[in-house]
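Data first, discussion second: the structure below is written as structure tokens.
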Amino acid sequence: MLVTGLGRLTKDPNLQRSESGVPYVQIDLACKDKSKDKDGNYTTSFIVCKAFKGTAELLVKLVKKGNLIYITGDLKQRTYTNKDNNKTSIVEVIINEFTLCESKKGSKEEVTEETPAPTTNESLIVDGDLPF
């Protein structure tokens, strides 16, 4: 199932390698929900996302904790055995493409118009260029 999402990274991405040597990164996106809590504040969902190969390497180069990114990817469910030897199921988004929408205000590494553009099909949008 193809999904899209808009959210902020909860931590800096960390490039890892699978047992077969494939680079990957796992990130959590904090996404504002449409629903509100009892105090009238919007709730937040935390979405587990993974990216592989070149997409993973670009995420590590271009995004940091707090950055707002737009992703497209495939929703996947997988089952694994956890450290307590129990079967566990998880739903995650496998990122196909992403767009850096903005840096978190006040961060040390604010995106500017001089920031080099990504070298693949991912695009970079600077504040003020958002289509919505």
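For segment 55-103, what % of the accessible area comes from carbon and sulfur atoms, probe 1.4 Å? For segment 55-103, the apolar C and S fraction of the accessible surface comes to 44 percent. Computed from the Cβ-Cβ distance with R0 of 35 Å, the FRET efficiency linking residue 74 to residue 38 stands at 0.50. In a solvent-free Debye calculation with one equal scatterer on each Cα, what is log10 I(q)/I(0) for segment 5-66 at q = 0.30 Å⁻¹, listed in the order of the q values? For segment 5-66 at q = 0.30 Å⁻¹, log10 I(q)/I(0) is -1.21. Could you pull out the pairs from 61/87; 50/87; 36/61; 32/53; 38/61 whose alpha carbons sit more than 32 Å apart here? Flagged as over cut-off: 61/87; 36/61; 38/61. So, counting K/R as plus one and D/E as minus one, what does the shell of residues with Cβ under 15 Å around residue 80 add up to? That works out to +2. Count the net charge of all other residues whose Cβ sits under 9 Å from the Cβ of residue 25, scoring Lys and Arg as +1 and Asp and Glu as -1. The answer is 0. Among the trypsin sites (Lys or Arg not before Pro) in segment 33-76, those located in a DSSP loop and surrounded by at most 15 other Cβ atoms within 10 Å of their own Cβ are 38, 65.
The values are calculated or read from the model by the stated rules, or taken from the named source; none is laboratory data. Predicted, not measured: the structure shown is a model, and the values here were computed from it. We place every Cβ from the backbone using ideal geometry, glycine too, and count neighbours over all the protein chains shown. Areas reflect the complete protein model, heavy atoms only, side chains present, ligands, DNA and RNA absent. Shrake-Rupley method; radii C 1.70, N 1.55, O 1.52, S 1.80 Å.
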